[in-house]
Amino acid sequence: MSKTLTLVRPDDWHLHVRDGAVLKDVLAHISNQFARAVIMPNLKQPVTSVDLAKAYRSRIDSALKQLGVPHFTPLMTLYLTDITSRDEVRKASENQIIGFKLYPAGATTNSDAGVTNIKHAYPALEAMQKYSVPLLIHGEVTESAIDIFDREAVFIDRILEPLRKDFPELRVVFEHITTKQAAHYVRDADTKGKNTLAATITAHHLLMNRNSLFAGGIRPHHYCLPILKREEHRLALIEAATSSNPRFFLGTDSAPHPKGEKESSCGCAGCYTAHNAMGLYAEAFYSVGKLDLLEGFASFFGPDFYCLPRNRDQITLVQQAEKVPFEFTLGDTVLVPLRAGETIAWSLAR
Ligand code: DOR
Ligand code: ZN
């Protein structure tokens with residue numbers, strides 16, 4: 001008999017579904033496993049206003065309708081810029097926007113319209129603190145003089161810590177953390193008993209270290225941002241995710257890019273895990289004998305932080321190897337998923 005794990009249906013607190021033709025196919029993958037997902041706003045035309053978010057939401061809803069999955073809820077975010085107004089923040093708080101995403105300008109895919117200097121965003125941050133709208137952070141400095149493997153740790157000292165001092169009541173999610181420094185910062189931060197700091201962790205950062213970028217040759221499908229780090233950092237992330245500390249919860253950061261844009265002389269950042277994200281997380285938790293702690297991380301701590309109800313239905317994962325195709329056709333593009341041509345040890349019971 002294969003081992004199974006039944007857990008309350010999880011949510012994905014950080015996801016890229018993009019737009020246009022791929023939207024429906026990404027949603028088909030993710031809605032299999034999750035009830036809700038926080039939808040990233042870094043489209044080619046970034047989602048910088050409530051009106052743009054409403055229009056994007058209705059495109060997502062029509063894709064869901066075509067798929068026949070009315071049970072899935074997209075949680076919309078707005079893209080923070082140097083000129084986001086206090087009024088837009090107020091409007092966001094009145095229109096179920098789950099948070100604002102801070103992309104330091106130039107940090108990653110479609111971040112050119114991001115924040116060039118955190119001080120420029122202070123009026124918006126003040127309003128976010130006032131209206132209790134969370135700030136979701138891509139935590140890397142962008143200076144090319146700083147080593148790419150150090151950019152997250154430097155961000156903590158130079159940006160995050162001063163920001164949290166200036167806005168002690170602001171609710172912050174440090175997204176897709178990748179280092180021991182980030183895991184310990186979130187674990188140890190004194191939030192004065194308030195629910196003001198959390199972090200998401202991806203499956204790929206729990207399963208791979210930076211050697212995976214160069215295993216037998218250069219591996220563009222393992223390139224994401226923040227970039228994979230040394231083994232000691234992966235171990236710190238595993239420890240955080242399996243610690244039952246409600247500050248750490250699931251966010252896949254599954255990020256589709258066409259095959260040709262990854263396998264290129266200047267390939268895009270992003271790993272696609274939506275096809276079996278829960279199988280990958282189960283592998284990571286099982287590898288350290290902590291499978292029983294996956295439910296808190298995947299299904300409870302996220303909604304608790306965002307003050308949303310926990311889901312009520314359940315999913316079951318089976319320890320049965322699932323073969324991953326070499327490619328998926330998503331809309332009019334071809335995409336190479338994580339573990340293409342290999343297997344994932346856990347799969348969703350059908
Ligand atoms: O690897 C990444 N891909 N990191 C990000 O921050 C953005 C994402 C994307 O949108 O492709
Ligand atoms: Zn992301």
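The values are calculated or read from the model by the stated rules, or taken from the named source; none is laboratory data. Please read all numbers here as calculations on a predicted model, not as lab measurements. In this analysis, Cβ positions are derived from the backbone assuming ideal geometry, glycine residues included, and neighbour counts consider all displayed protein chains. Each accessible area value is taken on the protein alone, full model and side chains, heavy atoms only, with ligands, DNA and RNA left out. Shrake-Rupley method; radii C 1.70, N 1.55, O 1.52, S 1.80 Å.
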Restricting to DSSP loop positions (anything but H, G, I, E, B) with no more than 15 other Cβ atoms inside 10 Å of their own Cβ, which trypsin sites (Lys or Arg not before Pro) remain in segment 202-263? Arg230
Taking the highest mean first, how do the peptides 248-256, 294-302 order by number of other beta carbon atoms within 10 angstrom per residue? 248-256, 294-302
For the chain, what are the per-bin percents of Cα-Cα distances with bins 10 Å wide, up to the bin holding the maximum? 5, 27, 38, 25, 5, 0
Among the DSSP beta bridges whose two residues both lie in the chain, what percent are antiparallel, rounded to the nearest 5? 35 percent
Tally Lys and Arg at +1 and Asp and Glu at -1 over the other residues with C-beta under 14 Å from the C-beta of Thr48: what net charge comes out? -1
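Looking at segment 1-86, which chymotrypsin sites (Phe, Trp or Tyr not before Pro) are in a loop (DSSP not H, G, I, E or B) and have at most 15 other Cβ atoms within 10 Å?
Numbers: sites: Trp13, Phe34, Tyr56, Phe72, Tyr79; in loops: Phe34, Phe72.
When the chymotrypsin sites (Phe, Trp or Tyr not before Pro) of segment 1-86 are filtered for loop state and at most 15 Cβ neighbours within 10 Å, nothing remains.
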With the other protein chains left in place, how much accessible area per residue, in square angstrom, belongs to the chain at a 1.4 angstrom probe? 41 Å²
Return the long-range amide H neighbours of Leu78 (sequence gap of 5 or more, or a different chain), with a cut-off of under 5 Å between placed amide H atoms. Gly99, Phe100, Lys101
Could you work out, for segment 267-350, what percent of all Cα-Cα pairs fall into each 5 Å distance bin, beginning at 0 Å and stopping at the bin that holds the largest distance? 3, 12, 20, 19, 18, 14, 11, 3, 0
Of all accessible heavy-atom area on segment 1-143, the percent that carbon and sulfur account for (1.4 Å): 50 percent
Cross-link candidates for Lys192: which lysines have Cα within less than 25 Å, leaving aside residues fewer than 8 places away along the same chain? Lys101, Lys119, Lys130, Lys165, Lys180
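Take the Cα radius of gyration of segment 179-223 and divide it by 2.2 N^0.38 Å, with N its residue count; two decimals is plenty. Mind dumping the intermediate values first?
Details: Rg = 15.2 Å, N = 45, 2.2 N^0.38 = 9.3 Å.
Rg over 2.2 N^0.38 Å, computed on Cα atoms: 1.63.
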Okay, helix-only estimate at 222 nm for the chain: each DSSP H run of n ≥ 4 adds -39500 (n - 2.57), divide by all residues, round to 500 deg cm²/dmol; what do you get? -8000 deg cm²/dmol
